[in-house]
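Read through the structure below, which is laid out as structure tokens, and then see the notes.
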């Protein structure tokens with residue numbers, strides 16, 4: 001019998017209802033509204049294009065700039081949540097998110113789009129993953145992948161429902177009034193849901209997963225791991241970041257340009273908006289299935305599977321020129337899309353621990369978000385000069401192949417405690 005098995009156990013009373021599930025529900029609700037709305041930029045794309053006549057690359061730049069800024073802010077906001085907890089931080093994020101959407105109703109020039117959408121709204125969305133998913137990683141260990149997947153289902157639900165709602169609002173009331181409605185609604189919903197968030201189970205005298213006992217020497221196990229500074233000194237951090245670059249590059253192009261691409265093929269605007277909804281619906285399945293799978297087969301293998309599916313769908317997209325072909329693409333791609341977002345936080349927690357989960361998760365998202373920034377602008381620029389997305393699709397295919405290789409090459413940090421002590425000794 002090992003020394004670990006001989007350690008004394010700390011016995012705690014099992015609560016009738018584990019509060020971690022309240023954190024899951026509140027996080028799920030916030031994901032529905034924030035990412036569901038943030039990913040409707042493609043639905044607003046053509047109304048803005050028709051109203052102002054700006055080049056597609058110029059409009060796409062707003063999404064790209066917002067992606068870079070919210071990912072950079074995620075490092076700061078995630079660190080604040082590590083220190084002050086998710087309730088206060090997400091309350092502030094809800095204010096900025098609602099304000100940004102409300103102010104978009106007053107847009108008349110492109111710089112206002114950059115300010116209201118790319119800056120103010122991006123600040124609001126910056127904490128949605130770094131703050132919420134880091135909290136889930138602390139509340140759950142055995143069920144970390146599954147609970148992360150359930151929370152990220154909120155994004156899929158939002159992408160399934162909100163594009164259709166926004167499309168209906170725009171067609172019936174105009175895009176300006178649509179922005180007013182969603183701005184006020186988002187503020188109220190996010191701020192009220194944030195009040196139920198708590199940082200970790202230890203603050204409430206509980207253990208992760210609602211467990212009753214834990215080895216006494218390991219009571220703080222859930223809070224072990226590397227700091228952001230230490231994590232950035234590892235090869236694994238940059239491999240994960242580069243893999244996310246590849247995914248976000250592809251994801252951003254699909255979300256922003258799939259609807260305009262469908263319209264260019266002669267498909268109606270309503271059916272084009274439906275593609276985003278299909279992606280959202282399929283992503284629900286992907287988040288649950290791949291999140292749960294990571295608990296059984298490990299986050300690395302689950303990540304490899306998602307990249308393999310992504311690569312297959314991008315090859316198919318280059319042949320898709322009819323509505324049914326695009327629907328098939330949206331369904332299969334959506335599965336992989338959802339799986340990726342369910343796997344990032346568990347992968348980070350598995351590699352680096354959870355003591356600085358919010359900051360490290362924010363750092364990984366920021367590094368990967370460079371792809372989010374480049375993708376839509378590059379695709380828009382390519383279309384503007386070639387009148388086609390074909391070259392952009394080829395670039396996406398190449399990058400997804402790189403991401404697959406990187407995910408398959410990931411190796412765990414052999415001794416995290418030794419690594420942390422060594423880096424501290426070197427003062428790096």
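The values are calculated or read from the model by the stated rules, or taken from the named source; none is laboratory data. Note that the structure is a prediction, hence the values are computed from the model and not measured. Counting neighbours? That spans all protein chains shown, and the Cβs are built from the backbone with ideal geometry, glycine included.
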Worksheet item: Going through the stretch 383-413 one residue at a time, which ones are crowded, with 21+ Cβ neighbours inside 10 Å, in a helix (DSSP H, G or I) and over 23 Å from the mean Cα position of the chain (by Cα)?
Response: 383
Worksheet, complete the sentence: Checking 171, 167 in turn, the sole residue that is free of Cβ contacts under 8 Å to residues at least 40 places away in the same chain, part of a helix (DSSP H, G or I) and out of contact with any strand residue (DSSP E or B) (no Cβ under 7 Å at 6 or more places or on another chain) turns out to be 171
Discussion item. Just to verify a result, which residue in the stretch 191-205, among those that are surrounded by fewer than 21 Cβ atoms within 10 Å (Cβ to Cβ), at pLDDT below 90 and not in a helix (DSSP H, G or I), is farthest from the chain's Cα centre (by Cα)?
Written reply: 205
Worksheet item: So which residues in the stretch 253-294 are within 14 Å of the chain's Cα centre (by Cα) and modelled with pLDDT under 85?
Response: 255, 280, 283
Item to complete: Go through (1) under 30 Å from residue 259 (Cα atoms); (2) modelled with pLDDT under 90 and name the single condition residue 188 misses.
Response: (2)
Discussion item. Out of everything in the stretch 13-55 that is surrounded by fewer than 15 Cβ atoms within 10 Å (Cβ to Cβ) and closer than 30 Å to residue 263 by Cβ, what residue ends up being nearest to the chain's Cα centre (by Cα)?
Written reply: 55
Discussion item. Checking the structure you have, find out if any residue of the stretch 313-332 is without any contact (Cβ under 8 Å) to a residue 40 or more places away in the chain, under 19 Å from residue 405 (Cβ atoms), out of contact with any strand residue (DSSP E or B) (no Cβ under 6 Å at 6 or more places or on another chain) and in a helix (DSSP H, G or I).
Written reply: yes
Worksheet, complete the sentence: Going through (1) surrounded by fewer than 24 Cβ atoms within 10 Å (Cβ to Cβ); (2) in contact (Cβ under 8 Å) with a residue 40 or more places away in the chain; (3) over 21 Å from residue 240 (Cβ atoms); (4) in contact with a helix residue (DSSP H, G or I) (Cβ under 8 Å, 6 or more places away or on another chain) one by one, residue 308 fails only at (3)
Response to the item:
Of the residues in the stretch 75-112, those that are surrounded by 24 or more Cβ atoms within 10 Å (Cβ to Cβ) and more than 20 Å from residue 198 (Cβ to Cβ) come to 97, 98, 100, 101, 104
